[in-house]
Amino acid sequence: MDITFWGVRGAIPSPGAHTVKYGGNTSCVELYFRDSHRLIIIDAGSGIRNLGSHMISPDYRQKPIEADLFFTHTHSDHIIGFPFFAPLYIPGTKLRIYGPTTYDENSLEKIIGSHMSYHFFPVRLAELAAEMVYNELKEGSHELGDGITVTTRYLNHPLLCFGYRFEHRGRVVCTAFDTEPFRNLFARGPDGPSDDDSITREGEKVVAQENNRLEKFFEGADLLIYDAQYLQKEYESLRLGWGHTAIEYAIETARRAQVKRLALFHHDPERTDDQLDALASLYCKCDQEGRLEIFFAREGMRIEI
């Protein structure tokens, strides 16, 4: 399995002289399965434009183009590149699209389609040349064929959002692109409204269960790609409830889940290359027994598992 990062930035594309090393494009990750030539794309942030250009190049490994596109959710930074994905305009392209069930009148196809209306883009979804099939998922495990399994897990984000666990021939890649730790909204004090100890205790129990479930979801992964937009002090000061994780928490979670590699991902758009380098020198060290490799994901980085 080959993993390539085409976009690693969070919130909004942030090109410029200070983001060249790590990249300014938003979320897009490619999984390529060498034995079956299957291609899985996770999210269609602005990084998918470069992936699309690669896929239509003369030396691309697969023609006609066929791929599975998994949306974690439909916030704009994760879908903004979809209209610029070149294979959509090529007859013969087959695209299987997956995402969380929305539980309202707006289907995944309708949400993506609204992004390609004349109010926002000159080409409508119905005018694309590619053949697209939409699959709305709930929590659970799903067989994708060719020995590939994906398991979905709801994350803690302001919009319904999935983490994915892809498994193939004993290898595991997990994603948690947009999430933050579950916390007790019924706690005493300024962070919660309740003075009832029983409600507080019940809230703590539920929070622990949900955070433990997520760690179990990551357990033993060969690679975990984890939202790490903030530092702990940034998260606690202003960003509780925004749906993103502190670097320190992501590292501790990966250690408890006995993950082999941790890719810190979804970098804050204000974070410069120099700042990320400084954070890498501080955090990107294996633990004492060398069981966890930690690194900040960079646009263009390729990993073999």
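Yes or no: region 254-269 includes at least one residue that is farther than 30 Å from I48 by Cα and at pLDDT below 95. No, region 254-269 has no match at all. When region 146-162 is filtered for residues that are under 24 Å from D35 (Cα atoms) and either touching a Leu at 6+ places or on another chain (Cβ under 9 Å) or touching a residue at least 40 places away in the same chain (Cβ under 8 Å) (or both), the ones remaining, listed by number, are D146, G147, I148, V150, T151, T152. Looking at the structure I just gave you, is P87 farther than 21 Å from A11 by Cβ, more than 21 Å from the chain's Cα centre (by Cα) and buried (at least 20 other Cβ atoms within 10 Å of the Cβ)? Considered against the rule, which asks whether it is farther than 21 Å from A11 by Cβ, more than 21 Å from the chain's Cα centre (by Cα) and buried (at least 20 other Cβ atoms within 10 Å of the Cβ), P87 comes out as yes. Taking the conditions (1) of a type outside the set (G, A, S); (2) over 20 Å from the mean Cα position of the chain (by Cα); (3) buried (at least 16 other Cβ atoms within 10 Å of the Cβ); (4) within 24 Å of V8 (Cβ to Cβ) in turn, Y60 satisfies each one other than (3). Set side by side, the residues T26, T19 differ, and just one is of a type in the set (S, T, N, Q) and without any contact (Cβ under 8 Å) to a residue 60 or more places away in the chain, which is T26.
Looking across region 220-251 at every residue that is at pLDDT below 95 and among the aliphatic types (A, V, I, L, M), the one that is farthest from T72 (Cα to Cα) is identified as L238.
Scanning region 78-100 for residues being within 19 Å of N50 (Cα to Cα) and in a loop (DSSP other than H, G, I, E, B) gives a total of 5. In region 33-54, which residues are within 23 Å of G147 (Cβ to Cβ) and surrounded by 15 or more Cβ atoms within 10 Å (Cβ to Cβ)? Selection gives F33, R38, L39, I40, I41, I42. In region 45-53, the condition of being closer than 29 Å to A280 by Cα and either in contact with a helix residue (DSSP H, G or I) (Cβ under 6 Å, 6 or more places away or on another chain) or modelled with pLDDT under 95 (or both) is met by at least one residue.
The values are calculated or read from the model by the stated rules, or taken from the named source; none is laboratory data. If you're wondering where the values come from, they're calculated on a predicted model, not measured in any experiment. Cβ atoms come from the backbone with ideal geometry, glycine included; neighbour counts cover every protein chain shown.
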